[in-house]
Amino acid sequence: PQGTRDQRPAHMALREHLFAAVVACFKRHGAAAIDTPALELRETLMGKYGESGKLIYELREQGGELLALRYDLTVPFARYLAMNKITTMKRYHIAKVYRRDSPATSRGRYREFYQCDFDIAGHFDPMIPDAECLKIVHEILSELKLGDFLIKVNDRRVLHGVFAICGVPDSKFISTCSSVDKLDKMPWEDVRSEMVTEKGLSPEAADRIGEYVRLHGGAELIEQLLQDPKLSQNKLAKEGLGDMKLLFEYLTLFGITGKVRRCWGQEEPRAPQLRVLMGFCVPQICFDLSLARGLDYYTGVIFEAVLVQQENDHMEEPVGSVAGGGRYDGLVGMFDPKGRKVPCVGVSIGIERIFSIVERMVKASGEKVRVTETQVLVATPHKHLLTARLKLISELWDAGIKAEMLYKKDPKLLKQLQYCEDTGIPLVAIIGEQELTDGVVKLRVVTTREEVRITFYTRIQKCFDNLEKV
């Protein structure tokens with residue numbers, strides 16, 4: 001089907017490498033794994049995703065429940081907490097989600113794709129879990145070595161305050177958010193036009209919004225907004241800015257608010273992405289008032305990570321966000337019969353987009369990807385030695401060593417060695433007539449052709465203890 005794809009062995013090897021790095025980070029931060037069904041009740045998903053809700057895959061009624069395919073992993077997690085009466089949990093979840101979207105495979109956007117989520121649920125002191133989620137994003141993107149990245153941070157309460165003092169009614173908050181969220185893809189003039197002509201805002205209100213949502217910076221911007229005579233009088237905005245100030249203090253302690261580049265001396269552009277691209281000294285984490293994220297359930301801090309495209313990135317077009325998340329304190333209460341709330345904050349790693357980037361990087365480098373983890377090939381140089389190969393490979397398997405052999409009775413040695421080179425197998429265990437007579441096995445390093453003879457009856461595992469070093 002359009003927007004889906006089969007995964008070749010080389011793709012799966014890269015994918016498993018990425019998953020392993022992400023899961024290792026999640027476990028390092030103390031998360032436990034859960035899983036939920038791919039199917040959810042239709043009523044569970046509807047009304048949680050703003051304008052994106054039209055992309056939910058609804059399933060035709062078959063005489064039973066009205067069902068839909070899960071759109072993300074956050075809403076199912078909230079439903080899971082409420083159903084099981086869980087009030088404190090740190091979890092990760094890696095699974096497929098489904099969106100009836102227009103696929104853009106060159107940007108890693110599919111209708112069926114994996115998400116990698118990390119969430120912290122429970123009543124805790126402000127901004128400590130939020131800071132950890134941002135630390136996780138920083139760790140994963142740094143470890144994967146995808147290039148420069150920028151993590152944009154904002155707070156829904158600050159946006160509420162900005163829109164309120166600019167004259168936007170509460171009924172238009174979500175639709176206005178969806179317009180503002182397009183500022184990373186569209187110029188301000190187009191966003192302003194959409195807010196006026198499509199969302200029904202007055203030109204004056206749109207202009208006032210523009211004065212705020214084009215601001216970005218760090219702790220100094222937070223202090224500036226706290227002194228803003230209008231914004232400081234708004235209760236929600238003041239709360240959001242206070243928490244944002246605390247968040248940046250924690251991020252500084254985590255050591256992730258440093259600069260990414262030195263200034264080249266040009267006139268500084270407005271967009272944070274361009275500031276990095278052109279060599280300006282900017283933080284890896286930026287307070288950006290244009291970040292809105294179009295999901296209904298966010299209530300506080302929101303964030304999004306984007307890669308900074310370079311000329312040699314071998315990308316046909318920008319890949320967009322590679323991670324995002326935020327705080328959603330009211331979502332669990334929607335599924336609790338008594339409306340009991342469980343505060344939550346989480347992050348989702350855009351693994352499909354990251355995979356598309358890594359795939360291009362590998363292709364551009366010409367690097368060959370190993371699709372198996374085989375450590376040794378059992379080979380024979382002479383005919384009629386199938387029995388000896390089978391006995392040896394069985395002992396290797398029993399010792400926990402990853403081993404292969406060719407499925408021929410009498411394969412030529414050159415063909416067996418060529419198979420090792422083609423597949424990247426590092427060692428060959430050669431057993432010929434002389435080796436059988438002497439009671440030894442000849443181990444050969446494929447790349448250097450260095451050989452060592454080991455006693456056949458020596459414990460096999462002992463001989464392979466230093467395999468990785470070899």
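The values are calculated or read from the model by the stated rules, or taken from the named source; none is laboratory data. This one's a predicted model, so the numbers in the text were calculated from it and none came from an experiment. Because the Cβ atoms are built from the backbone with ideal geometry, glycine has one as well, and the counts that use them run over all protein chains shown. Protein only, heavy atoms only, side chains kept; ligands, DNA and RNA dropped before computing areas. Shrake-Rupley method; radii C 1.70, N 1.55, O 1.52, S 1.80 Å.
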Exercise. Does the stretch 181-198 contain at least one residue that is touching a helix residue (DSSP H, G or I) at 6+ places or on another chain (Cβ under 8 Å), closer than 26 Å to Gly242 by Cα, in contact (Cβ under 8 Å) with a residue 60 or more places away in the chain and surrounded by 20 or more Cβ atoms within 10 Å (Cβ to Cβ)?
Worked result: yes
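Looking at Thr87, Thr36, Thr4, which is the one that is in a loop (DSSP other than H, G, I, E, B) and touching an Asp or Glu at 6+ places or on another chain (Cβ under 6 Å)? Step through it out loud before you land on a result.
Numbers: Thr87 fails: touching an Asp or Glu at 6+ places or on another chain (Cβ under 6 Å); Thr36 fails: touching an Asp or Glu at 6+ places or on another chain (Cβ under 6 Å).
One residue alone meets the criteria, Thr4.
Condition test on Ala10, is it open to solvent by less than 50 Å² (accessible area, probe 1.4 Å) and closer than 23 Å to Lys145 by Cα?
Numbers: open to solvent by less than 50 Å² (accessible area, probe 1.4 Å): yes; closer than 23 Å to Lys145 by Cα: yes.
Here the answer is yes, as Ala10 does meet what is asked.
Residues are listed down the side, and each one gets a yes or a no for (1) open to solvent by less than 20 Å² (accessible area, probe 1.4 Å); (2) free of Cβ contacts under 8 Å to residues at least 40 places away in the same chain; (3) not aromatic (Phe, Trp, Tyr):
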{"position": "Pro337", "(1), (2), (3)": "no, yes, yes"}
{"position": "Glu359", "(1), (2), (3)": "no, no, yes"}
{"position": "Ala364", "(1), (2), (3)": "no, no, yes"}
{"position": "Glu373", "(1), (2), (3)": "no, yes, yes"}
{"position": "Val376", "(1), (2), (3)": "yes, no, yes"}
{"position": "Leu385", "(1), (2), (3)": "yes, no, yes"}
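Kindly check whether there is at least one residue in the stretch 395-417 that is assigned by the TED database to the domain that holds Asp155 and assigned to a loop (DSSP other than H, G, I, E, B).
Applying the first criterion (assigned by the TED database to the domain that holds Asp155) to the stretch 395-417 yields none.
No, the stretch 395-417 contains no residue that is assigned by the TED database to the domain that holds Asp155 and assigned to a loop (DSSP other than H, G, I, E, B).
With the condition kept exactly as written, say whether any residue in the stretch 96-117 is over 24 Å from the mean Cα position of the chain (by Cα), at pLDDT 95 or above and on the phi < 0 side of the Ramachandran plot.
Residues of the stretch 96-117 over 24 Å from the mean Cα position of the chain (by Cα): none.
Looking for residues that are over 24 Å from the mean Cα position of the chain (by Cα), at pLDDT 95 or above and on the phi < 0 side of the Ramachandran plot, one finds none in the stretch 96-117, hence no.
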Problem set entry | Candidates Gly147, Gly122 - the one that is at positive phi and open to solvent by less than 40 Å² (accessible area, probe 1.4 Å) | Gly122
For this session: Would you check if there is a residue in the stretch 10-22 being assigned by the TED database to the domain that holds His138, modelled with pLDDT of 95 or more and assigned to a loop (DSSP other than H, G, I, E, B)?
Result: no
For this session: State whether the residues of the stretch 125-143 include one that is at pLDDT 95 or above, out of contact with any helix residue (DSSP H, G or I) (no Cβ under 9 Å at 6 or more places or on another chain) and part of a loop (DSSP other than H, G, I, E, B).
Result: yes
Exercise. Do the conditions hold for Asp148, that is, is it in contact with a Lys or Arg (Cβ under 8 Å, 6 or more places away or on another chain) and either assigned by the TED database to the domain that holds Tyr298 or in contact (Cβ under 8 Å) with a residue 24 or more places away in the chain (or both)?
Worked result: yes
Problem set entry | Identity of the residue in the stretch 417-439, open to solvent by 20 Å² or more (accessible area, probe 1.4 Å) and among the aliphatic types (A, V, I, L, M), that ends up nearest to Val378 (Cα to Cα) | Leu417
For this session: Output the residues belonging to the stretch 53-84 that are free of Cβ contacts under 8 Å to residues at least 60 places away in the same chain and either closer than 15 Å to Ala31 by Cα or charged (D, E, K, R) (or both).
Result: Lys54, Glu58, Arg60, Glu61, Glu65, Arg70
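Here is a check on your reading of the model: is Ile454 surrounded by 12 or more Cβ atoms within 10 Å (Cβ to Cβ), touching a Cys at 6+ places or on another chain (Cβ under 9 Å) and not assigned by the TED database to the domain that holds Gly324?
Working: surrounded by 12 or more Cβ atoms within 10 Å (Cβ to Cβ): yes; touching a Cys at 6+ places or on another chain (Cβ under 9 Å): yes; not assigned by the TED database to the domain that holds Gly324: yes.
In short, yes.
Which of the residues spanning the stretch 377-429 are acidic (Asp, Glu) and more than 13 Å from Val441 (Cα to Cα)?
In the first step, residues of the stretch 377-429 are kept if they are acidic (Asp, Glu); the result is 395, 398, 404, 410, 421-422.
Scanning the stretch 377-429 gives Asp398, Glu404, Asp410, Glu421, Asp422.
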For this session: Identify the residue in the stretch 440-450 that is out of contact with any Gly (no Cβ under 8 Å at 6 or more places or on another chain) and in a strand (DSSP E or B) and, among all such residues, is most open to solvent (accessible area, probe 1.4 Å).
Result: Arg444
